[in-house]
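The values are calculated or read from the model by the stated rules, or taken from the named source; none is laboratory data. Being a predicted model, the structure only gives us computed values, none of them experimental. For neighbour counting, all protein chains shown are included, and Cβ atoms are generated from backbone atoms with ideal geometry for every residue, glycine included.
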Amino acid sequence: MSFDVPDDRRYLESHEWTTTDADSVRIGITDFAQDELGDVVFVELPAEGDELERGEEFGVVESIKAVSDLVSPVSGTVTAVNEDVFDTPELLNQDPYGDGWLLELEPSDPDFDALLSPEGYRAQIE
Amino acid sequence: MPVEFDSIRTEHTAVRESAGIFDVSHMSEIRVSGPDATVLMNRLVTNDVQELDVGDTQYACITDSDGIILDDTMVFRLPDDEDGPQYLFVPNAGHDVEMYTRWTEYRDERGFDATVHDATEEWGMLALQGPDAPQLADDATEGRATDIDRFEAGFLDVAGVRCYVSRTGYTGEDGFEFLVPWADVETVWSAFDCQPCGLGARDTLRLEMGFLLSGQDFDPETEPRTPYEAGVAWTVDLGTEFVGRDALERADREGVEERFRGVKLQQRGVPREGYEVVDSDGDHLGHLTSGTMSPTLGEPIGLGYLSEAAPSGTRVRVVVRGEPKQATVVTPPFIDT
């Protein structure tokens, strides 16, 4: 089985992705992560204005069978929360890199080189 | 058996709306025969096996001398042999050696004349479940499967394989369980064209019905419970002399402090094993032993042991990662099947 790993993002070993614009990033979970979890039924996220640290657990995603912590790939301030995933958590399964995004952040210290490249992440999940 | 073949939701819905098949070969099988087979069975299970005619099935608990459930099981009365009644019972996964030892030690202590045979390595087990299961089973048995009534059993050929077939299951739906010689499991599995289902859907299906899961909703070490606490008092026949009877007679007389109940969350979240249940003041009422998002209802449901002070209909809180979430106590099943 092969999983989608878009080239325009960076990744964490714990299966979160971030876009790489220094002014504003979106974060979410990877295709591999949603497949491992199975049917996502619940997402818990921080509020707009909250400060996150890179590597910090910032929320929870639950599927029918499992509970998984969400880890932030960047430090920064939450500028938007995808509230659609509260009513329709299956968006994480259907479109993990698109409509299933989780947060937008204004990075405080954008350093995307510290994260896994698409090649590095692909190698990890192979 | 894998946790899922497709997705738990897909598999679950297939069983509720059409049919699904599960490989439950992890279950144990123990056969008891000989002149004292009936008395040996009746000393070690809570129900009265004397009520069984050939081809009947019965749900029962196996308790210790304190009335604590060690395991739960289906008991089948097989066709008699020259010595009289024969029984087969189906302990849960990993319990076969423990139960074989329990049966043979008790037999030897009492000098009973009975043969106890652990057949776990000889038999696989498949469960065909769902509203379309009777038709699928009939198609594979020249129409003979539906001659078997609910909670009865008999021998049938499926794809040329002799199986012991019971009209039982763990999903709340109509369906059949097939005991199949180990080498022929794949042949019988392939005889049914329906959704393959894994352990994940097996769990969500039984949760919606409020069926107990051995080792989770009761466990002699981590969750010691009597059949009265576990809501299966109907499996206890105090008119027989089984191990644990006297303790259970006292429990019946004195009542229980906590009872197995369901909860439905009114707020977003997923109830899970180990979560505390409190009242509106935050005072402890009990804890959950199982929980999930019900695929049928789209609502979060849980099972666990709650104080008798919180009967069905009580507004409670389930503590999810430190946050009390509103919930209501219900008596399972959560759905009508």
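Values as computed for the structure displayed
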| read-out | value |
| --- | --- |
| Residue in the stretch B:260-299 that is nearest to the other protein chains (Cβ to nearest Cβ), counting only those that are over 18 Å from B:PHE211 (Cβ atoms) and assigned to a strand (DSSP E or B) | B:LEU265 |
| Residue check, A:ASP99 farther than 25 Å from B:VAL320 by Cα, part of a loop (DSSP other than H, G, I, E, B) and in contact with a strand residue (DSSP E or B) (Cβ under 9 Å, 6 or more places away or on another chain) | no |
| Residue that is surrounded by the fewest Cβ atoms within 10 Å (Cβ to Cβ) [pool: residues in the stretch B:95-115 that are part of a helix (DSSP H, G or I) and hydrophobic (A, V, I, L, M, F, W, C)] | B:VAL97 |
| Tally of residues being assigned to a loop (DSSP other than H, G, I, E, B), touching a residue at least 60 places away in the same chain (Cβ under 8 Å) and farther than 23 Å from B:GLU208 by Cα across the stretch B:1-60 | 10 |
| Index of the failed condition, A:TRP101 passing every other in (1) touching a Lys or Arg at 6+ places or on another chain (Cβ under 8 Å); (2) among the hydrophobic types (A, V, I, L, M, F, W, C); (3) buried (at least 17 other Cβ atoms within 10 Å of the Cβ); (4) within 14 Å of chain B (Cβ to nearest Cβ) | (4) |
| Residue that is nearest to the other protein chains (Cβ to nearest Cβ), among those in the stretch B:1-24 that are surrounded by fewer than 19 Cβ atoms within 10 Å (Cβ to Cβ) and in contact with a Ser or Thr (Cβ under 9 Å, 6 or more places away or on another chain) | B:THR13 |
| Matching option when the condition is crowded, with 21+ Cβ neighbours inside 10 Å and either farther than 22 Å from B:VAL320 by Cα or in contact with a Lys or Arg (Cβ under 9 Å, 6 or more places away or on another chain) (or both), among A:SER108, A:SER72, A:SER63 | A:SER72 |
| When residues of the stretch A:53-77 are limited to those that are over 13 Å from the mean Cα position of the chain (by Cα) and part of a strand (DSSP E or B), the one nearest to the other protein chains (Cβ to nearest Cβ) | A:GLU62 |
| Residues located in the stretch A:1-42, provided they are touching a strand residue (DSSP E or B) at 6+ places or on another chain (Cβ under 6 Å), within 14 Å of another protein chain (Cβ to nearest Cβ) and outside any loop (DSSP other than H, G, I, E, B) | A:LEU37, A:VAL40, A:VAL41, A:PHE42 |
| Some residue of the stretch A:34-41 being crowded, with 18+ Cβ neighbours inside 10 Å, under 19 Å from B:GLY269 (Cβ atoms) and not aliphatic (A, V, I, L, M) | yes |
| Strands (runs of 3 or more DSSP E) contained in the stretch B:132-214 and holding at least 2 residues buried (at least 21 other Cβ atoms within 10 Å of the Cβ) and modelled with pLDDT under 95 | none |
| Test: residue in the stretch A:43-51 that is away from chain B (no Cβ under 14 Å), surrounded by fewer than 21 Cβ atoms within 10 Å (Cβ to Cβ), more than 23 Å from A:THR88 (Cβ to Cβ) and in contact (Cβ under 8 Å) with a residue 12 or more places away in the chain | yes |
| Single match in B:ASN47, B:ASN92 (criterion: polar (S, T, N, Q) and surrounded by fewer than 21 Cβ atoms within 10 Å (Cβ to Cβ)) | B:ASN92 |
